[in-house]
Amino acid sequence: MEEIAADPSHPRYASLLMRHRLEAAAKRGMLADSAMIAHGRGEAFDYLLGERTTASARTAAGEAMHRLSRAKRPVLSLNGNVAALAADDMLRLAARLSCPVEINIFYRTPERMTAILGYIEERKKALHLDVLVLGDAPDATIPGLKGPRAACHKEGILDSDVILVPLEDGDRCKALVAMGKTVIVIDLNPLSRSAQQASITVVDELSRALSTMLSWNEEDVRPAYDHQATLNDAHKAMLEGLNNA
Ligand code: PTJ
């Protein structure tokens, strides 16, 4: 999915590359019909943020890694957009944490599940990573959620204690928190229900957030994480972006 006509020196290369990945994933049948709308909303918030990783997002990413690396049963959840935009880094993170990834999509159809699972297996093989990929045979449901979006694996999401759910839907985030899990969200919209309800929210673009998480070290300084202060800081950074425009 990496072939793209734009030159890496183009000022909007990172953005063009993400769009290209989504286009390619759409052709493979991996995406929900509303995937592009969700991405466009994210892009708008990223514009306000100045397309950069703020200090508070870096602190949140560090806290996320601290919790994931100390978890008894961590799990990384992937939906269609996450698989399209950042399959490789999600697999690298899972390998580093020795934990499973679980494909868990909101608009669940057998066709989309097959397309996403096939792509993840392809990337896993290309990267030579030993990661358990779940999602193909759900045997449990997330309490409090109705319909196919509740389906999950007992050995993955159901029994996890710390879960990373990038670009998550608000209801599912709420249901996971209600199960007593530490829920880590990556979301560019600090006003979203997921961002508000999560235990830890990294307000940053997915690929930047994952790159910060992958470069985290156990020895890194760990400033105190304050959830509300993190969200307030993101609002402030976006307002400053508007005021300085
Ligand atoms: O594959 P499925 O069926 O699970 O569906 C996935 C989507 C993303 C379509 C679905 O979960 C959805 O509709 O999500 P929402 O409710 O639009 O929420 C997505 C959130 O992610 C929004 O708050 C966006 O601002 C944010 N977002 C979008 N792209 C990025 C992002 N945050 C960080 N990085 C991005 N690249």
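For the stretch 192-238, a residue qualifies if it is modelled with pLDDT under 95 and either closer than 11 Å to Glu63 by Cβ or among the hydrophobic types (A, V, I, L, M, F, W, C) (or both), and the qualifying residues are Asp220, Val221, Arg222, Pro223, Ala224. Restricting Ala209, Ala198 to those that are small (Gly, Ala, Ser) and within 11 Å of the chain's Cα centre (by Cα) reduces the list to Ala209.
Give Arg21, Arg41, Arg73 a once-over and let me know the one that is crowded, with 18+ Cβ neighbours inside 10 Å, out of contact with any Phe, Trp or Tyr (no Cβ under 9 Å at 6 or more places or on another chain), in contact (Cβ under 8 Å) with a residue 60 or more places away in the chain and among the basic types (Lys, Arg).
Selected residue: Arg21, the only one of Arg21, Arg41, Arg73 that is crowded, with 18+ Cβ neighbours inside 10 Å, out of contact with any Phe, Trp or Tyr (no Cβ under 9 Å at 6 or more places or on another chain), in contact (Cβ under 8 Å) with a residue 60 or more places away in the chain and among the basic types (Lys, Arg).
On the basis of being more than 9 Å from the ligand (Cβ to nearest atom), of a type in the set (A, V, I, L, M, F, W, C), part of a helix (DSSP H, G or I) and touching a helix residue (DSSP H, G or I) at 6+ places or on another chain (Cβ under 8 Å), does Ala25 make the cut?
In short, yes.
Looking at this structure, is Ser207 out of contact with any helix residue (DSSP H, G or I) (no Cβ under 6 Å at 6 or more places or on another chain) and in a helix (DSSP H, G or I)? No, not satisfied. Screening Ser211 against (1) touching a strand residue (DSSP E or B) at 6+ places or on another chain (Cβ under 8 Å); (2) within 13 Å of the ligand (Cβ to nearest atom) leaves a single unmet condition, (1).
Would you pick out the residues in the stretch 182-198 that are within 11 Å of the ligand (Cβ to nearest atom) and in a strand (DSSP E or B)? Val185, Ile186 - these are the residues of the stretch 182-198 that are within 11 Å of the ligand (Cβ to nearest atom) and in a strand (DSSP E or B).
If you check Ser9, Ser77 for being among the polar types (S, T, N, Q) and assigned to a strand (DSSP E or B), only one passes: Ser77. Lys72 passes every criterion in (1) within 17 Å of Ile163 (Cα to Cα); (2) touching a Lys or Arg at 6+ places or on another chain (Cβ under 6 Å) apart from (2). The condition (being out of contact with any Leu (no Cβ under 6 Å at 6 or more places or on another chain) and surrounded by 20 or more Cβ atoms within 10 Å (Cβ to Cβ)) is satisfied by just one residue among Ser160, Ser215: Ser160. Among the residues making up the stretch 76-108, those that are crowded, with 23+ Cβ neighbours inside 10 Å and among the polar types (S, T, N, Q) are Ser77, Asn79, Asn81, Asn104. Across the stretch 135-166, the qualifying residues are those that are within 15 Å of the ligand (Cβ to nearest atom) and in a strand (DSSP E or B), and the one among them that is farthest from Arg67 (Cα to Cα) is Ala151. When you scan the stretch 76-113, how many residues do you find that are of a type in the set (Ser, Thr, Tyr) and free of Cβ contacts under 8 Å to residues at least 60 places away in the same chain? The total comes to 2.
Would you mention how many residues in the stretch 167-180 are surrounded by fewer than 23 Cβ atoms within 10 Å (Cβ to Cβ) and part of a loop (DSSP other than H, G, I, E, B)?
3
I'm trying to understand the selection: among the residues of the stretch 91-133, which are within 13 Å of the ligand (Cβ to nearest atom) and assigned to a loop (DSSP other than H, G, I, E, B)? Hits for the stretch 91-133 are Asn104, Ile105, Phe106, Tyr107, Arg108, Thr109.
Here Met36 passes the criteria (1) in contact (Cβ under 8 Å) with a residue 40 or more places away in the chain; (2) within 14 Å of the ligand (Cβ to nearest atom) except the one numbered (1).
The values are calculated or read from the model by the stated rules, or taken from the named source; none is laboratory data. Bear in mind that the values here come from a model prediction, so they are computed numbers and not experimental data. Glycine also receives a Cβ, built like all others from the backbone with ideal geometry; neighbour counts cover every protein chain displayed.
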